[in-house]
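A.B. asks: Sharing a structure with you now.
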Amino acid sequence: MEKCKMNLLEIIEIIRKVYRQQQEHIPLHVPKFAGKEKEYLCDTIDSTYVSSVGPYVDKFEQMMQKITGATKAVAVVNGTCGIQVALRLVGVKPGEEVLTQALTFIATANAVHYNGAHSVFLDVDKDSMGLSPTALHRFLNEFAVKRADGVYNKESDRRIAACMPMHTFGFMCRIEEIVAICKEWGIPVVEDAAEALGSGIGLRSAGTFGDIGVVSLNGNKIVTSGGGGAVLTMDNELGNRAKHLTTTAKVPHSWEYVHDEVGYNFRMPNINAALACAQLEQLNKFLVEKANVYGEYNELFENHSIEFRRPLVGTYCNHWLMCIQLPDKETRDAFLKLSNESGVMTRPIWRLMNKLPMYLHSKADSQINAQFLEDRIVNIPSSVR
Ligand SMILES: Cc1ncc(COP(=O)(O)O)c(C=O)c1O
């Protein structure tokens with residue numbers, strides 16, 4: 001036990017070394033406002049355009065397209081509603097199923113539920129912490145059947161309307177394999193890239209591999225608009241549909257109010273978009289600085305018995321939240337207590353969705369890797385210094 005405590009204290013020392021803070025409280029992740037944030041915010045106030053239309057919304061969408069390479073980026077009020085609408089756009093209807101992971105933030109599962117659909121929770125890969133193509137393949141081979149109007153789950157007799165992998169903490173999952181499997185079956189892919197702005201594989205950005213993807217600009221993310229998100233797609237038509245549906249489905253007209261379907265008021269306000277634009281201008285700087293923090297941690301953990309988690313080879317990671325893997329749940333809990341009590345903020349990975357009261361009855365596979373990770377993964381301070 002004494003040896004274990006020594007080890008845990010050494011981790012805290014490493015974190016304090018990286019953040020050059022021997023005494024002060026070290027938060028998990030804080031935003032950095034070092035650019036034109038105040039100038040752009042004042043500009044929206046001076047112009048009176050603080051609400052759902054304005055030039056910063058258009059500028060934000062163009063910047064997101066340039067950064068991610070998406071054909072179309074649509075600004076939304078947060079990532080959760082972006083996912084909700086993305087699922088609807090690929091055809092998810094009440095009573096249908098969405099294949100996703102249980103090891104995720106609650107928004108992933110809730111967005112399925114908001115559409116009246118059911119999540120089917122499949123296991124993740126231990127190394128990527130994202131949806132496992134092996135688990136997906138296994139599930140489809142065992143339960144799926146192709147019918148005239150789509151792929152069905154033989155057991156539940158529900159249509160499998162979409163698959164939604166998630167890039168945990170900015171680490172890329174095996175998205176290319178997942179997309180290939182889904183293509184074979186004709187199942188659309190919605191990429192929950194909420195945490196992964198700036199991550200990718202080769203020249204391709206997270207959120208642009210599937211039919212549609214969503215990033216979040218919540219206050220805890222790599223860049224923030226206060227609250228906000230963007231729906232990304234390489235399909236122009238789907239992008240136009242996303243814009244229409246998230247802006248109350250209003251038929252464009254200078255003064256008439258005509259709406260042609262039940263849309264949503266998911267518009268990102270111009271004042272938030274102004275903040276987002278100033279933040280996006282600094283994204284590259286943040287990515288470089290985060291890579292530096294990652295590099296320092298990586299070096300300091302090199303000869304340590306605790307595993308510092310690294311992205312899959314061949315992918316690049318935005319290092320939004322960095323994490324360590326402790327040997328077991330008992331040590332994890334001891335570390336969480338010790339670090340938080342000593343002013344170094346850390347937090348465990350999420351409780352699996354299928355163990356929460358509202359999703360207890362959802363279908364789930366073995367969750368062997370997800371449970372392994374739930375018991376061991378802890379996020380450590382990862383802010384831009
Ligand atoms: C995996 C995941 N999905 C969805 C969301 C939802 O994003 P938002 O907070 O912008 O609604 C978040 C983040 O908060 C997230 O981490």
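The values are calculated or read from the model by the stated rules, or taken from the named source; none is laboratory data. Keep in mind that this is a model prediction, so the values were computed, not measured. Neighbour counts run over all protein chains shown; Cβ positions are idealised from the backbone, glycine included. In case anyone asks, the SASA skips ligands and DNA or RNA and just uses the protein heavy atoms, side chains included. Shrake-Rupley method; radii C 1.70, N 1.55, O 1.52, S 1.80 Å.
A.B. asks: Return the residues of the stretch 217-239 that are more than 10 Å from the ligand (Cβ to nearest atom), within 21 Å of TYR316 (Cβ to Cβ), part of a loop (DSSP other than H, G, I, E, B) and out of contact with any Leu (no Cβ under 7 Å at 6 or more places or on another chain); say none if nothing qualifies.
C.D. replies: Passing the criteria: only MET234.
A.B. asks: Would you be able to say whether some residue in the stretch 73-92 is farther than 24 Å from GLY210 by Cα and either within 17 Å of the chain's Cα centre (by Cα) or at pLDDT below 95 (or both)?
C.D. replies: Quick first cut of the stretch 73-92, residues farther than 24 Å from GLY210 by Cα only: none.
Looking through the stretch 73-92, none of the residues is farther than 24 Å from GLY210 by Cα and either within 17 Å of the chain's Cα centre (by Cα) or at pLDDT below 95 (or both).
A.B. asks: Here's another thing I want to ask about it. Go through the stretch 241-284 and count every residue that is under 28 Å from ASP211 (Cβ atoms) and not in a strand (DSSP E or B).
C.D. replies: 26
A.B. asks: Sticking with this one: Residues of the stretch 126-137 being of a type outside the set (A, V, I, L, M, F, W, C) and open to solvent by less than 20 Å² (accessible area, probe 1.4 Å), which ones?
C.D. replies: Taking the stretch 126-137 and keeping what is of a type outside the set (A, V, I, L, M, F, W, C), we get 126-128, 130, 132-134, 137.
Of everything in the stretch 126-137, those that are of a type outside the set (A, V, I, L, M, F, W, C) and open to solvent by less than 20 Å² (accessible area, probe 1.4 Å) turn out to be SER128, GLY130, SER132, PRO133.
A.B. asks: If I ask for residues that are under 18 Å from GLY226 (Cα atoms) and touching a residue at least 60 places away in the same chain (Cβ under 8 Å), which ones from the stretch 56-72 would you list?
C.D. replies: Within the stretch 56-72, the subset under 18 Å from GLY226 (Cα atoms) is 56-61, 63-64.
Once the filter is applied, which keeps residues that are under 18 Å from GLY226 (Cα atoms) and touching a residue at least 60 places away in the same chain (Cβ under 8 Å), the stretch 56-72 yields TYR56, VAL57, LYS59, PHE60, GLU61, MET63, MET64.
A.B. asks: Another question, if that's okay. Restricted to the stretch 1-27, and to residues that are of a type in the set (A, V, I, L, M) and either open to solvent by 60 Å² or more (accessible area, probe 1.4 Å) or in contact with a strand residue (DSSP E or B) (Cβ under 6 Å, 6 or more places away or on another chain) (or both), which residue is farthest from PHE301 (Cα to Cα)?
C.D. replies: MET1
A.B. asks: Of the residues that sit in the stretch 93-112 and are open to solvent by 30 Å² or more (accessible area, probe 1.4 Å) and within 14 Å of the chain's Cα centre (by Cα), which one is nearest to the ligand (Cβ to nearest atom)?
C.D. replies: Here the residue is PHE105.
A.B. asks: Can you pull out every residue in the stretch 199-216 that is farther than 22 Å from ASN115 by Cβ, in a loop (DSSP other than H, G, I, E, B) and open to solvent by 20 Å² or more (accessible area, probe 1.4 Å)?
C.D. replies: GLY202, LEU203
A.B. asks: Quick check: anything in the stretch 260-273 crowded, with 24+ Cβ neighbours inside 10 Å and away from the ligand (no atom under 12 Å from the Cβ)?
C.D. replies: Taking every residue of the stretch 260-273 in turn, at least one turns out to be crowded, with 24+ Cβ neighbours inside 10 Å and away from the ligand (no atom under 12 Å from the Cβ).
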